[in-house]
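Everything on this sheet refers to the single structure shown next.
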Amino acid sequence: MEKQFVKMRICTLLILLIFISSCTGRENKGAAGDAQIIKSQGTSPYSSIHKSMRDKAGNLWFCTGGEGVYRYNGQSFTNFTTSDGLCSNNVGSILEDKTGNLWFGTDDGICLYDGKTFKKLPLPTENSNGLTPVRRSNNHLTSKKDVWCIFEDKSGKIWFGSTEGAYCFDPSGSPTDSKSFSHYLCNDSIRDKSVLTIMQDKNANLWFGTANGVYRYDGKQFTAFDLNVGVCQNGTGTILEDKTGNIWFATRGKGVARYDGNSITFLTEKDGLKTKSITSIFKDKHSNLWFSSERHGVCRYDGKTFTTLGAKEFSNCYINAILEDKIGNIWLASESTDEQNHEEGGLWRYDGKTLKNFTTKDGLCNNAVHSMAEDKLGNLWVGTKNTGLCRFDGKAFTDYSDKKSKDIRSIFEDHAGNLWLGTNGDGLCRYSATNGNGKTTTYYCINEGLAGADVRCIAEDKDGNLWVGTNNGVSKFDGKHFTNFTTKNGLSDNAIWSILIDKTGTVWVGTHEGVCRYNPSATPIGSKTFARFDIPAANQNDFSRAVTGMRIVWDIKEDKAGNIWFATNGSGVYRYDGKTLTNISEKDGLCSNFVNCILEDKKGALWFATQHAGVCRYDPTTEHSPAAKSFKTFTYKEGLSGTEIWTMTEDKTGNIWFSARGNMCRYDGKSFTNFPGNTEEH
């Protein structure tokens, strides 16, 4: 929900350009303790390391969504991106063939790496020209060049599952010659051409799992098996052959399907499964089958009965991957089904008797785990959201993640002159320009006690405590320790968007579900410290936003007269004078009811930044004068460079600065001066 909103929320202070270089960049060394992968492409914190593999030489390879691929040779990391010849930095699949070449499937086709150079391979042109958008079942846009999976069959042919069917490379030809590739499952009679997984059985038949069923290829012709449902979009591991030769399919809503050579049987709850939504199948060393699910844990099938593990533990989690280590432990990679909840999920180990959970509290770099790989020494490598990477040696985690955040969404200067940077995914960063020991940046995240990794707003009270609004509650930081407040302490929701500490010391918090307040000096310390302050819900909702909610309060400000103002998501603004709550909306002259930010200038005028309609300047002194206009709207017509405004600030000379969707604007009281960014994302 927040993914696109994040980039629009970044504060547009010019000083950021000065010190941000101090928060980025790191040597790409590999010794434990200082080894870190370096994020050089500015990817979103929602990107992940979603595929991991160990090659024949013992190198580990990590495929990412946006940062290309990383190779770890036991001493150092090497990052390969488009600047090195990779055809795209979004890499979703990897294969090492029998000759040692590496094949990468991306959202822009296939790359071959021979150990020295990358080659982008020319697929047949009839179905791979351009990046024509296609809508997946999960409502995301993809392209005709997406490659979901790669498989090498027993004869040495390389198969690629793509959005436009399956491609096959014949090793007798040249990979740079498009004639060496054949195209299958691409005719108009196939309802969905997306091939999500490929498997070969003992009889050398190839099986192709698609979004609308399964196909078997015997080397001459295809046979369709209409399941009336597609296999799960989890790539490899959704079609599997058991020791007796049965073929199993993980489906998106009908449980697991078993084909015995004659007919297909669906196994569901009545057979011992806890759910019909199966995400992957895994076969362990003892030939037991493991079925992962959404919210219902895993089921182990020994050929006769199903045994469920972790139904309670995984009730709010997805299982993304299963791995068996050298000593027989089963590892489960999981993440919370709630994007706002960073506490659940993590890594799970099953030793044959008990399940043990490892999370950020144990040193895991992120609780949203997407991939795993075991190295030749038996260490487990874990890839997570926010392009996180850590190694578990059986006792402790070593974090190899790039902790230098490139996604800043809030900036705050405390009374001592420290700058505090609220990041999206990396917690809170303190920048101390005058620090005597030479260390200018210090990061505080979940491991240090911060409530959540996404920091959206920061305020300071009269005692010097910082109050930090995160995606998982509010944290108060006294310089040494964090005290966290969540729904258990009276907050109406843990997704925090705004914080104000008023002149009386009262803490006001804007959440996804309305406003709460807390007076530390008057409220006894206990479980319920925050109390709800009722702001009426909007009667309309703007679904063009990346984040929606009828009770969201994006900003809270106090004016010089002591009034508290609330910027809402659909109801305009509310003013609270200590007794009465007054609504000001479009009917009163406000340019939009979707208000993102509030600013009171030195002259006492109030400015309201809106989602679609520019900014409004409001003069409270004319509110009760019928002949006077209280509002003046500024849009493109007046010189504002955009109508989607997320933040405003006034400088010492009285200029008002606005962030305007890829640009900055300065208003000197008479006219606007625009400072355009390179792209809309800046």
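The values are calculated or read from the model by the stated rules, or taken from the named source; none is laboratory data. The structure displayed is predicted, hence computed values, not measured ones. Virtual Cβ from ideal backbone geometry, glycine too; neighbours counted across all protein chains shown. Heavy atoms of the whole protein, side chains included, go into the accessibility calculation; ligands, DNA and RNA do not. Shrake-Rupley method; radii C 1.70, N 1.55, O 1.52, S 1.80 Å.
Numerical summary
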item	result
Whichever residue in the range 98-149 is farther than 26 Å from ALA57 by Cβ and β-branched (Val, Ile, Thr) and, among such residues, is modelled with the lowest pLDDT	THR132
Search result, residues across the range 377-400 that are modelled with pLDDT of 85 or more, among the polar types (S, T, N, Q) and either crowded, with 21+ Cβ neighbours inside 10 Å or not in a loop (DSSP other than H, G, I, E, B) (or both)	THR384, THR387, THR398
Scan of the range 570-590 for residues that are open to solvent by 20 Å² or more (accessible area, probe 1.4 Å) and closer than 20 Å to THR649 by Cβ, ordered by number	none
Qualifying residue in the range 572-592 (condition: touching a residue at least 24 places away in the same chain (Cβ under 8 Å) and out of contact with any Phe, Trp or Tyr (no Cβ under 9 Å at 6 or more places or on another chain))	no
Verdict on GLY452 being in a strand (DSSP E or B), buried (at least 21 other Cβ atoms within 10 Å of the Cβ) and in contact (Cβ under 8 Å) with a residue 40 or more places away in the chain	no
SER194 vs. criteria in contact with a Pro (Cβ under 7 Å, 6 or more places away or on another chain), modelled with pLDDT under 85 and either among the acidic types (Asp, Glu) or open to solvent by less than 50 Å² (accessible area, probe 1.4 Å) (or both)	no
Inter-residue pairs, beta-carbon under 8 Å, first more than 13 Å from GLY65 (Cα to Cα) and free of Cβ contacts under 8 Å to residues at least 24 places away in the same chain and in the range 81-95, second basic (Lys, Arg) and open to solvent by less than 20 Å² (accessible area, probe 1.4 Å), 6+ apart	none
Test: LYS404 is closer than 30 Å to VAL69 by Cβ, within 18 Å of the chain's Cα centre (by Cα), open to solvent by 20 Å² or more (accessible area, probe 1.4 Å) and not aliphatic (A, V, I, L, M)	yes
Count of residues meeting criterion [open to solvent by 30 Å² or more (accessible area, probe 1.4 Å) and not in a loop (DSSP other than H, G, I, E, B)] in the range 203-216	2
Failed criterion for ASN437 (all others in (1) of a type outside the set (Asp, Glu); (2) open to solvent by 40 Å² or more (accessible area, probe 1.4 Å); (3) modelled with pLDDT of 85 or more hold)	(3)
Some residue of the range 351-361 being at pLDDT below 90 and more than 23 Å from TRP290 (Cβ to Cβ)	yes
Residues of the range 289-327 that turn out to be part of a loop (DSSP other than H, G, I, E, B) and open to solvent by 30 Å² or more (accessible area, probe 1.4 Å), as a count	13
Filter pass, GLU294 being more than 15 Å from TYR350 (Cβ to Cβ) and acidic (Asp, Glu)	yes
The listed residue being modelled with pLDDT of 85 or more and in contact with a Cys (Cβ under 7 Å, 6 or more places away or on another chain), out of LYS157, LYS202	LYS157
Strands (runs of 3 or more DSSP E) fully within the range 32-108 counting 3 or more residues that are more than 19 Å from CYS149 (Cβ to Cβ)	69-72, 77-80
Index of the failed condition, ASN79 passing every other in (1) of a type outside the set (A, V, I, L, M, F, W, C); (2) crowded, with 17+ Cβ neighbours inside 10 Å; (3) modelled with pLDDT under 90	(3)
Unique residue being among the polar types (S, T, N, Q), closer than 26 Å to GLY562 by Cβ, modelled with pLDDT under 90 and not in a helix (DSSP H, G or I) when the list is SER641, SER625, SER659	SER625
Where THR653 falls short, out of the listed (1) at pLDDT below 90; (2) of a type in the set (Ser, Thr, Tyr); (3) open to solvent by 60 Å² or more (accessible area, probe 1.4 Å)	(1)
Residue among LYS404, LYS385 that is of a type in the set (D, E, K, R), in contact (Cβ under 8 Å) with a residue 24 or more places away in the chain and in contact with a helix residue (DSSP H, G or I) (Cβ under 6 Å, 6 or more places away or on another chain)	LYS404
Cβ-Cβ under 9 Å pairs, at least 6 apart or on other chains, the range 297-320 side touching a residue at least 60 places away in the same chain (Cβ under 8 Å), far side β-branched (Val, Ile, Thr) and open to solvent by 40 Å² or more (accessible area, probe 1.4 Å)	GLY303/THR244
Members of the range 161-194 that are of a type in the set (Val, Ile, Thr) and in contact with an Asp or Glu (Cβ under 9 Å, 6 or more places away or on another chain)	THR163
